[in-house]
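The values are calculated or read from the model by the stated rules, or taken from the named source; none is laboratory data. None of these values were measured; they are calculated from a predicted model. No Cβ is skipped: glycine too gets one built from the backbone with ideal geometry, and neighbour counts run over all protein chains shown.
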Amino acid sequence: MRLEFDDEQALLQATARDFAARELEPFLARHPDEPLPRDSVLELLGMVKPFGMLSARVPGHLGGAGMDAVSLGILYEEFPPDVSLTASANDIIGLRLLDGGSPEIVDRYLPRLIEGEIMAGSSISEPDAGSDVTGITTRAERHGDSYIVDGRKVWSSHCTIADVLLAAVRLGTDDRGRAVVGRLLIDREQSGFETRDLELMGLRRHHLGEVVFDGCRVPAGNLIGEGGLASLTASWLTQRTLLGLMAVHLARKAYDASVAHAKQRRQFGKPIGAFQLVQSMIVEMATLIDTSRYLCYRALDLLDRGVEARMESSMAKYYATEAAVKVTSLAIQVHGAYGLSTEYPLEQYFRDARMLTMPDGTTEIQKLMIGREILGISAIR
Ligand SMILES: Cc1cc2nc3c(=O)[nH]c(=O)nc-3n(C[C@H](O)[C@H](O)[C@H](O)COP(=O)(O)OP(=O)(O)OC[C@H]3O[C@@H](n4cnc5c(N)ncnc54)[C@H](O)[C@@H]3O)c2cc1C
């Protein structure tokens, strides 16, 4: 049993860490803590494209980077979450088009998503439907060769600047009265819709917004079916785990700053790191981070080996995102009032980490999915 990266992975880690410090962090530092303008987001996409991030899960023979999950995880651990979240939309939506999109849709959009010429966003959540996607009320009614879409979405990634949105819509109900939910690719140039950014506590350079579809006409050919692509399930499980590694990124930043601060800051004539209670905080942070990393890379390694690691990916997401909230909060404590000052990055790490327990299944939903795997009984509904 080996618990370390091989030489190639170690090289990728070193290269990505260096690139993040030299290019990505200074780029983000030049932009205030608010949604990045479209040009800057496209520039960021261009910066991470050579790492394969825009098409990591799209197979190589279809023009994608076709990366293994562990290597992708290394990039998500090393790059700031503002960057990774942005890149992941093109990657995931590109793969989704391959699963159930018509050849025309794939030809029209996939190459531009891979090249980072256009930007994608995901519109699933609604004011009254979050964890329970079957509760969505945004309707798509067929009229001739179009669908007419009416409804409202919230927390849609990139919606104010995206060229295309992949929206979950209610197509009707089945024999038992349950919602039939489909996915429509909605192109801003073809179909009009209103958007606005919503302000959230963290990840403020990322765009999460509201979309209003009011009689929005979408060509019927933009309905994305369910093609049963085998790699799609693995891709969702990978995504969950990648959110865990985004959290690890923030936790590690906060921890590194805390270790340095504990050695340098003096009170009562000693470095504060000499006090046992401060050491206890540092030790707790280190242990939470190590555990998170092992859980995340275990899940990714299993996925690379073809195991459907449902329980392991949920454990990784649940544990690592909650751990990052705790670590970033402890980091503020180690820094005293400096930790709360907006002149230092600690409070931002905390705000950013706090965001990650929600998307792709909240902590509670992850726990229920783990429970279902263990007990064989679903407590979700
Ligand atoms: C950073 C970020 C990015 C996001 N990106 C997108 C995006 O790109 N596209 C998009 O459509 N949405 C996105 N979202 C929204 C996200 O998917 C939802 O926040 C998430 O699905 C939870 O839904 P909700 O917020 O409505 O909470 P709710 O589902 O209303 O949950 C509220 C509380 O109830 C709990 N709960 C719900 N059901 C159960 C249950 N069965 N058992 C126990 N507890 C339960 C939840 O865990 C939570 O604590 C994003 C959110 C964030 C924070």
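For region 309-334, residues that are more than 14 Å from Ile282 (Cβ to Cβ) and part of a helix (DSSP H, G or I) total 16.
From the list Val149, Val164, Val181, pick out the single residue that is out of contact with any Ser or Thr (no Cβ under 8 Å at 6 or more places or on another chain) and either within 19 Å of Ser122 (Cα to Cα) or among the polar types (S, T, N, Q) (or both). Step through it out loud before you land on a result.
Details: Val149 fails: out of contact with any Ser or Thr (no Cβ under 8 Å at 6 or more places or on another chain); Val181 fails: out of contact with any Ser or Thr (no Cβ under 8 Å at 6 or more places or on another chain).
Result of the check over Val149, Val164, Val181: Val164.
Comparison of Ser123, Ser84 shows that the only residue that is touching a Lys or Arg at 6+ places or on another chain (Cβ under 6 Å) and within 12 Å of the ligand (Cβ to nearest atom) is Ser123. Applying a threshold of 6 Å to beta carbon distances and a minimum spacing of six or more residues, or different chains, the list of pairs starting in region 340-368 at a residue that is free of Cβ contacts under 8 Å to residues at least 40 places away in the same chain and near the ligand (Cβ under 9 Å from one of its atoms) and ending at one that is of a type in the set (Ser, Thr, Tyr) and part of a helix (DSSP H, G or I) reads Thr357/Thr321; Thr357/Thr363.
Going residue by residue through region 102-110, is there one that turns out to be over 15 Å from Thr195 (Cα atoms), near the ligand (Cβ under 9 Å from one of its atoms), out of contact with any Pro (no Cβ under 9 Å at 6 or more places or on another chain) and not in a helix (DSSP H, G or I)?
Taking every residue of region 102-110 in turn, none turns out to be over 15 Å from Thr195 (Cα atoms), near the ligand (Cβ under 9 Å from one of its atoms), out of contact with any Pro (no Cβ under 9 Å at 6 or more places or on another chain) and not in a helix (DSSP H, G or I).
Within region 101-120, is there a residue that is among the hydrophobic types (A, V, I, L, M, F, W, C), closer than 20 Å to Ala220 by Cα, in contact with a Gly (Cβ under 7 Å, 6 or more places away or on another chain) and assigned by TED's automatic domain parsing to the domain that holds Leu72? Break it down stepwise before answering.
Taking region 101-120 first, the residues among the hydrophobic types (A, V, I, L, M, F, W, C) are 105-106, 110, 113-114, 118-120.
Subset that is closer than 20 Å to Ala220 by Cα: 105-106, 110, 120.
If we keep only those that are in contact with a Gly (Cβ under 7 Å, 6 or more places away or on another chain) as well, we get 105, 110.
Imposing the further condition that a residue be assigned by TED's automatic domain parsing to the domain that holds Leu72 reduces the set to 105, 110.
Yes, that holds for at least one residue.
Look at (1) surrounded by fewer than 18 Cβ atoms within 10 Å (Cβ to Cβ); (2) within 16 Å of the ligand (Cβ to nearest atom); (3) assigned to a loop (DSSP other than H, G, I, E, B) and you find that Gly66 fails only one, number (2).
Do we have Ile377 as within 16 Å of the ligand (Cβ to nearest atom), more than 22 Å from Asp33 (Cβ to Cβ), among the β-branched types (Val, Ile, Thr) and free of Cβ contacts under 8 Å to residues at least 40 places away in the same chain here? Yes, satisfied.
Among the candidates Glu126, Glu104, which residue alone is at pLDDT 95 or above and under 23 Å from Glu210 (Cβ atoms)?
Step by step, each of Glu126, Glu104 is checked, and only Glu126 is at pLDDT 95 or above and under 23 Å from Glu210 (Cβ atoms).
Among residues of region 340-360 being among the aliphatic types (A, V, I, L, M) and surrounded by fewer than 19 Cβ atoms within 10 Å (Cβ to Cβ), the one that is farthest from Val248 (Cα to Cα) is Leu340. Among all positions in region 71-84, there is no residue which is assigned to a helix (DSSP H, G or I), small (Gly, Ala, Ser) and over 26 Å from Arg305 (Cβ atoms). Restricted to strands (runs of 3 or more DSSP E) entirely inside region 171-236, those with at least 2 residues that are surrounded by 13 or more Cβ atoms within 10 Å (Cβ to Cβ) and more than 23 Å from the chain's Cα centre (by Cα) are 208-219.
Being among the hydrophobic types (A, V, I, L, M, F, W, C), under 24 Å from Asp352 (Cα atoms) and part of a loop (DSSP other than H, G, I, E, B) is a description that does not apply to Met47.
Could you identify the single residue in Ile124, Ile161, Ile148, Ile114 that is in contact with a strand residue (DSSP E or B) (Cβ under 7 Å, 6 or more places away or on another chain), more than 30 Å from Arg381 (Cα to Cα) and in contact (Cβ under 8 Å) with a residue 24 or more places away in the chain? Write out each step before concluding.
Numbers: Ile124 fails: more than 30 Å from Arg381 (Cα to Cα); Ile161 fails: in contact with a strand residue (DSSP E or B) (Cβ under 7 Å, 6 or more places away or on another chain); Ile114 fails: in contact with a strand residue (DSSP E or B) (Cβ under 7 Å, 6 or more places away or on another chain).
The conditions single out Ile148.
For region 178-230, how many residues meet the condition of being in contact (Cβ under 8 Å) with a residue 24 or more places away in the chain and under 30 Å from Gly306 (Cβ atoms)? Matching residues across region 178-230 total 10.
Select from region 120-152 the residues that are part of a strand (DSSP E or B) and more than 10 Å from Val169 (Cβ to Cβ) and list them in ascending order.
Ala120, Gly121, Ser122, Glu126, Ala129, Arg142, His143, Ser146, Ile148, Arg152 - these are the residues of region 120-152 that are part of a strand (DSSP E or B) and more than 10 Å from Val169 (Cβ to Cβ).
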